[in-house]
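Visitor: The following block contains the structure, expressed as structure tokens.
FYI, it's all coordinate maths here, none of it is from the lab. Since we're looking at a predicted model, the values are computed, not measured. Note that we place each Cβ from the backbone using ideal geometry, even for glycine, and neighbour counts take in every protein chain shown.
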């Protein structure tokens, strides 16, 4: 019997490397956090000159994405459209840059990016997700 898919450290490093390539291509300094399906930090990478406040923010974005099983952009969009209840939900980060990571349709973890504008964090996260999809 096959078990559920698991996000490995190798996967996390490949995801982070792809995200970092996108960030560097745009001269963006960011923090990249990868968590497992329980929200536990698996891998973290920080550009040397990124503000330290982005460390926890990237981890929180990843945690929110795995906890709610949707990109953090969903909460950002909800808040921007007036659904302020999202601000009261525990662990929600209403800013783009947190995305669930899936293998074979199963959420195995999440990626969180912080350091630049929200939509730019999202662009970097998309590059990381694409690396996992090529697995």
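Visitor: Given the rule -39500 (n - 2.57) for each run of at least 4 DSSP H residues, summed and divided by the residues of the chain, what is its mean residue ellipticity at 222 nm, to the nearest 500 deg cm²/dmol?
Guide: Roughly -13500 deg cm²/dmol at 222 nm, from the helical runs in the chain.
Visitor: Quick check of the Kirkwood formula: for the range 1-89, what is the inverse mean of 1/r over all pairs of different Cα atoms, in Å?
Guide: 14.5
Visitor: Give me the one-decimal nm value for the distance between modelled label points at residue 87 and residue 29, 7 Å along each residue's Cα-to-Cβ direction.
Guide: 3.1
Visitor: Taking just the alpha-carbon atoms of the range 38-135, what radius of gyration and Dmax come out, in angstrom?
Guide: Rg, Dmax (Cα atoms, Å): 12.9, 38.
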